[in-house]
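Here's the structure, in structure tokens; my notes come after.
The values are calculated or read from the model by the stated rules, or taken from the named source; none is laboratory data. What you see is a predicted model; the values in this text were computed from it and never measured. Cβ atoms come from the backbone with ideal geometry, glycine included; neighbour counts cover every protein chain shown.
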Amino acid sequence: MLVAHRLEVTPLRRRELLGSVAAATTAATAGCNSLGNALTGGDDDPEPVTVETIDAPGSRAGSTVVPEPGRVTFVEFFATTCPICASQMSVVDDAYGRVGEEVQFLSVTSEPVGLTVSTEKVASWWAHHDGSWPVGVDDGVALARKYGATSIPTAVVAAPDGTVTWSHTGRATASRIVAEIRAAGGDSAP
């Protein structure tokens, strides 16, 4: 037996509902979209952010701190719904192959994993696009806020002391990524 429940839509709930629909429509039509106005500007907090990593090719389930103290850090913010992010995967893979394990290398999604997208879907997308380095979930967008990553794809390089030395939104070449990683590490970067 099917029972219908009536949802009372108060003026406040109606505004919330309309705002959510408008945001979802904008995100769907934009492709690679903004992560939200709440992320304007970087976070001056020098403390690292703990990011949950997922089980996927090149990645193990667990957690990591970003940036990792004493190492050059590269972070790429992406979404499984972003076609530019998908096309950047081979570029980021090329850069990863050139810099090796001396650099903390991580791709992070700020999608609501566990709500609208599952961990399994992210891992499947990752495998389909030949990801071979650690991948994580920026639950609560703390890392995106720290780096002012308001759009995707966004790449960030931080020096061993945690200082951001380069941030770029959109497409980038592997050569540019590698050059920025090397510049952040001085002579110690590969």
ask   = Of the residues 178, 91, 135, which single one is touching a helix residue (DSSP H, G or I) at 6+ places or on another chain (Cβ under 6 Å) and surrounded by fewer than 20 Cβ atoms within 10 Å (Cβ to Cβ)?
value = 91
key: Contacts under 7 angstrom Cβ, first residue in the range 92-121 being closer than 18 Å to residue 173 by Cα and at pLDDT below 95, partner exposed (fewer than 13 other Cβ atoms within 10 Å of the Cβ) and of a type outside the set (Val, Ile, Thr), 6 or more apart   = none
Count of the range 96-120 residues which are under 22 Å from residue 81 (Cβ atoms), among the acidic types (Asp, Glu) and in contact with a Ser or Thr (Cβ under 9 Å, 6 or more places away or on another chain) = 1
request  = Test residue 166 against the stated conditions and say whether it is surrounded by 15 or more Cβ atoms within 10 Å (Cβ to Cβ), without any contact (Cβ under 8 Å) to a residue 24 or more places away in the chain and either farther than 21 Å from residue 47 by Cβ or of a type outside the set (Asp, Glu) (or both).
outcome  = yes
remark   = Picking from 176, 98, the residue that is over 15 Å from the mean Cα position of the chain (by Cα), among the basic types (Lys, Arg) and farther than 23 Å from residue 79 by Cβ would be 98
note = Of the conditions (1) in a helix (DSSP H, G or I); (2) under 21 Å from residue 64 (Cβ atoms); (3) among the small types (Gly, Ala, Ser); (4) in contact (Cβ under 8 Å) with a residue 60 or more places away in the chain, the single one that residue 136 does not satisfy is (1)
request  = Given the conditions (1) in contact with a helix residue (DSSP H, G or I) (Cβ under 7 Å, 6 or more places away or on another chain); (2) surrounded by fewer than 16 Cβ atoms within 10 Å (Cβ to Cβ), report the number of the one that residue 153 does not fulfil.
outcome  = (2)
ask   = Within the range 155-173, which residues are within 17 Å of residue 49 (Cα to Cα) and either out of contact with any strand residue (DSSP E or B) (no Cβ under 7 Å at 6 or more places or on another chain) or assigned to a strand (DSSP E or B) (or both)?
value = 155, 156, 157, 158, 160, 161, 162, 163, 164
request  = Would you mind telling me which numbered condition in (1) modelled with pLDDT of 90 or more; (2) surrounded by 13 or more Cβ atoms within 10 Å (Cβ to Cβ) residue 43 fails?
outcome  = (1)
